Amino acid sequence: MKIYLTSLESAFAKALKNEFVSRGHEVFAGEDLQKLSVIDLFVATENKRLDGDDFTVNDGIKPEIVLESLRYNMIAPIKALEAATNALDASEIKRVCFLSSHKACVTGCEETSGYGYNMAKAALHQALHLTFNRLRPEGYTMRLYDPLEGELPAEVSAFTAAEFFLRSRSYDPDNKENRSDEHNFALYDAKNRHISW
Amino acid sequence: MKTALITGADRGLGLALVREYLNLGYTVFAGRFLADFHLLDDLKKEWPDTLHPVQLDVESRASILAAAQEVAAITDHLDVFVSDAAYMGGPENSRVKGEMPIDESLLEKAVAVNALGALQCVEILLPLLRKGEEKRLCIVSSEVSSVTLMQRDGDFRYCMSKTALNVAVRMLQNTLASEGFTFRLYQPGWMRRQQPDGSFTQWNDCQINAADSAKAAIPIFTSRRPDDAYKLELVDYLGSVWPF
């Protein structure tokens, strides 16, 4: 399988690359997307709480940090996907994978700081759901994954991610609408917990 | 004196909410932003003593700071904050495989106005809100903020900014609930857009008029509940609860 990772900046991304390579896949990272004619699996690895993104409302909101985080954690992955769609269209697999966190979900967010990260990833969730609705009829499938960075070793999280990204989810050819999990837009974490929005 | 500050009050829902709070006896600070709208001036003639239009561009930190100063010159407290100001956006350019490339600057602008705007208003108004008795923060969100129920496949700019707003409100609650602050997230329904002359655009998909949505919001915005300190929910103009 031809796999494209947007960047190898994080320990998780490096471990994920190694995991894919050890399974015999051809991995490209951060290269000029236009050189790739086919991508089977696309992984946007941008997932970082930026320096300075540690203020509460009592400390004072730093809008420039929030917008910088938006550019890194939300806009960059979406623009990378936009640039990769020609190569993904040429694949029969067409799977796109993104990283996020339970901390960016309204239901379960218990944080008082990290506005930049949480708001950027919350925005990403919704942008991806619309994009999923747009691309699923063309045969695309999507994975949204919380690597639980800082909680699990990167190698363990990368192993679980590779499993989640590469394996199929339930598909019932006789009842495609109701019994195909590929039709569900969902966030799973590295412990295989389904996270509520 | 009960006091409220309402953003995005030049027209539509914001203006209708100003009218509702005036009728409830509040002194209302009404955020104005649109230069070609004078409906607040007309309302000021009806309520010369208790309506105070203030210049307020929620995208600008300097503007919010200036508005807070203007309010502080008239009152030492705010009971209620209502965030209504929003940026809907222009052409179809926030869609993967759309006809136009995604415009990053407009994605930033949507978050800057629709999510950061409300967040910075709360932060900057906190000294006044802490002195208020009600400590009620009402945030107008949208049905398109719901990730669970998102069925569209078009532009995501406005939708994603409202989802970001919801998580920001949750984080505000995580910090401020212990001080007695309570929150409302409101889904006002789709309304016709108000024009400078006060008329409304024709729109067949309209669900509710701004005046009726404001009337529906008031019991939600003014209610007291035993679970207020713990729960955050997105409630629509019918009183129904939306999943996040």
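The values are calculated or read from the model by the stated rules, or taken from the named source; none is laboratory data. Because the structure is predicted, anything quoted here is derived from the model rather than measured. Methodologically, a virtual Cβ is constructed for each residue, glycine included, from the backbone with ideal geometry; neighbour enumeration extends over all protein chains shown. Note: areas computed on protein heavy atoms with side chains; ligands, DNA, RNA excluded. Shrake-Rupley method; radii C 1.70, N 1.55, O 1.52, S 1.80 Å.
Before moving on, here are some points about what is shown:
- Solvent-accessible area buried by A and B, counting both chains, probe 1.4 angstrom, square angstrom: 3800
- Relative packing of peptides A:43-52, B:196-205, A:161-170 - highest average C-beta neighbours within 10 Å first: A:43-52, A:161-170, B:196-205
- Simple Cβ-charge dipole of segment B:3-242, Lys/Arg +1 and Asp/Glu -1, about Cα centre, in debye nearest 20: 420
- Complex-versus-alone comparison for segment B:164-205, residues with a loss of 50 Å² or more in accessible area, probe 1.4 Å: B:Val167, B:Arg170, B:Met171, B:Asn174, B:Thr175
- Mean Kyte hydropathy of -0.5 or more with a Cα span along the axis of at least 27 Å, helices from DSSP in chain B: B:157-176
- Separation of the B:Gln69 and A:Ala83 label points, Cα + 7 Å toward Cβ, nm: 4.4
- Delta accessible area of at least 50 Å² on complex formation, residues of segment B:112-146, 1.4 Å probe, chain isolated as reference: B:Leu116, B:Leu119, B:Glu123
- Å² per residue, accessible surface of the protein assembly as shown at 1.4 Å: 41
- Rounded to the nearest 10 degrees, the inclination of helix A:115-135 to the longest alpha-carbon principal axis of chain A is 20 degrees.
- As a fraction of the 1.4 Å probe accessible area of chain A, surface on carbon and sulfur atoms comes out at 46 percent.
- A dipole drawn for segment B:128-244 from +1 and -1 charges on Cβ atoms has a positive end, and of B:Phe156, B:Leu137, B:Pro196 the residue lying farthest that way is B:Leu137.
- q = 0.06, 0.09 Å⁻¹: log10 I(q)/I(0) that the Debye formula gives for the protein assembly as shown, counting C-alpha atoms only: -0.27, -0.59
- Of the trypsin sites (Lys or Arg not before Pro) in segment B:1-73, those whose Cβ has at most 11 other Cβ within 10 Å and which sit in DSSP loop: none
- Rounded to 10°, Cα long-axis angle of helix A:154-166 versus longest principal axis of chain A: 40
- Solvent-accessible area of B:Ser105 with every protein chain in place, 1.4 Å probe, in Å² to the nearest 10: 70
- Surface composition of chain B: carbon plus sulfur atoms hold 51% of the accessible area, using a 1.4 angstrom probe and ignoring ligands, DNA and RNA.
- If the chain linking B:Asp227 and B:Thr201 were pulled fully straight, counting 0.36 nm for each residue of separation and taking away their Cα-Cα distance, it would gain 5.4 nm.
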